[in-house]
1. With a/c under 1.5 counting as rounded, go ahead and sort the chain into rounded, prolate or oblate using the C-alpha gyration tensor (a ≥ b ≥ c being the square roots of the eigenvalues; past the cut-off, prolate if a/b is larger than b/c, else oblate).
2. Can you give me the long-range amide H partners of Ile31? Hydrogens built in the peptide plane at 1.01 Å from N, cutoff under 5 Å, separation of 5 or more residues or another chain.
3. How much net charge surrounds Glu141 when only other residues with a Cβ under 14 Å from its Cβ are counted (Lys, Arg +1; Asp, Glu -1)?
4. On the protein heavy atoms, probe 1.4 angstrom, tell me the percent of accessible surface of region 22-178 carried by carbon and sulfur.
5. Residues with beta-carbon under 10 Å from that of Leu98, excluding Leu98: net charge, scoring Lys, Arg +1 and Asp, Glu -1?
6. Sequence gap at least 6, Cα distance under 8 Å: using those rules, report the relative contact order of region 1-62 to the nearest whole percent.
7. Using the Karplus curve 6.51 cos²θ - 1.76 cosθ + 1.60 with θ = phi - 60°, what ³J(HN,Hα) values do you get for each residue of region 202-212, in whole Hz, with x for Gly and Pro?
8. Just to check I understand the Karplus step: with θ = phi - 60° and J = 6.51 cos²θ - 1.76 cosθ + 1.60, what whole-Hz values come out for region 141-156, glycine and proline as x?
Amino acid sequence: MRLPELEIKNLRVESENLYGLQILHLSDLHINKKTKVEEIEKLVNFCNDLEYDFLALTGDIIDCKPNKIIPQLEALNLLKKVFYISGNHDLFYGIKNLNILLSNFTFLDNKTAFIRYQNKDIALAGISDRFSKYFKIKREEKKVFDFLKNNKDSILLAHQPKDYSLAVNSNTKLFLCGHTHGGQIFPFHYFVRLFQPFLAGVFYKKKTCIYVNKGLGTWGIDFRYKADSEITLLKLINN
């Protein structure tokens, strides 16, 4: 897998009470043995030169066992202010070893945190991927739901769009996810929509802004058609 040419997608989204917050959103890198260290270094330098409050990485970081790509992951580990959650590929290839190598990142599977922004605390939570049950990992949905529900200004990270209901039902202001690759190769878009409520882009449900990132890497065939890869800088504005 080769990373594409790096371009930033600037996007303004409406989100109550989070005005001005800037989030860099990456998803679905799918780093494997064919990914050159130089490509990861280029990505890291590109991202670290941007201005953002935190970086959300919504799963599928790897596409092989972590011990096969240690130099690539050590380079990735230099990204700044990263919160991340697992994707199904991360679970399959080894989330424990991945966490060890990404020691500078904050792992948010079934965990919560606060980000201080403009004299207020923004609640941030992550939920482990829906494939967790196949790896004997419990998804602590009630814990995450209660945390989000009890905090007025909140953000949820998940890998799959299917988890949007957890955000909407807890009145979460922003829900970030990936997984779909935007279909990756048209007309597979229609196939993906059979299994996911959203394909790509911005959606609004009740008080929640939903953003589905098309991801940076590829899976299976190293090719995209009518589903460009993306690095997204989200700037939150008043609705």
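1. Numbers: a/c = 1.33, a/b = 1.31, b/c = 1.02.
Rounded is the answer for the chain, as its axis ratio a/c remains below 1.5.
2. Amide H to amide H, under 5 Å and 5 or more residues apart or across chains, Ile31 pairs with Ile62, Asp63.
3. On the way: positive: Lys111, Arg130, Lys133, Lys138, Arg139, Lys142, Lys143, Lys149, Lys162; negative: Asp109, Asp129, Glu140, Asp146, Asp163.
Overall, the nearby charge balance is +4.
4. Values: 3300 of 6880 Å².
Result for region 22-178: 48 percent of the exposed heavy-atom area is carbon or sulfur.
5. Values: positive: Lys65, Lys96; negative: Asp90.
That works out to +1.
6. Numbers: 55 pairs, mean separation 31.7, N = 62.
With pairs under 8 Å counted, the relative contact order is 51 percent.
7. Per residue, the Karplus-derived 3J(HN,Hα) values read 9, 9, 10, 10, 6, 9, 9, 8, 10, 10, 10 Hz.
8. Working through the residues one at a time gives 5, 5, 4, 5, 4, 4, 5, 5, 5, 8, 10, 5, 9, 9, 9, 10 Hz.
The values are calculated or read from the model by the stated rules, or taken from the named source; none is laboratory data. Small disclaimer: the values here were computed from a predicted structure and weren't measured. Every residue, glycine among them, receives a Cβ derived from its backbone with ideal geometry; neighbour counts consider all protein chains shown. Ligands, DNA and RNA are stripped out before the accessible areas are found, and what is left, the full protein with its side chains, is counted by its heavy atoms. Shrake-Rupley method; radii C 1.70, N 1.55, O 1.52, S 1.80 Å.
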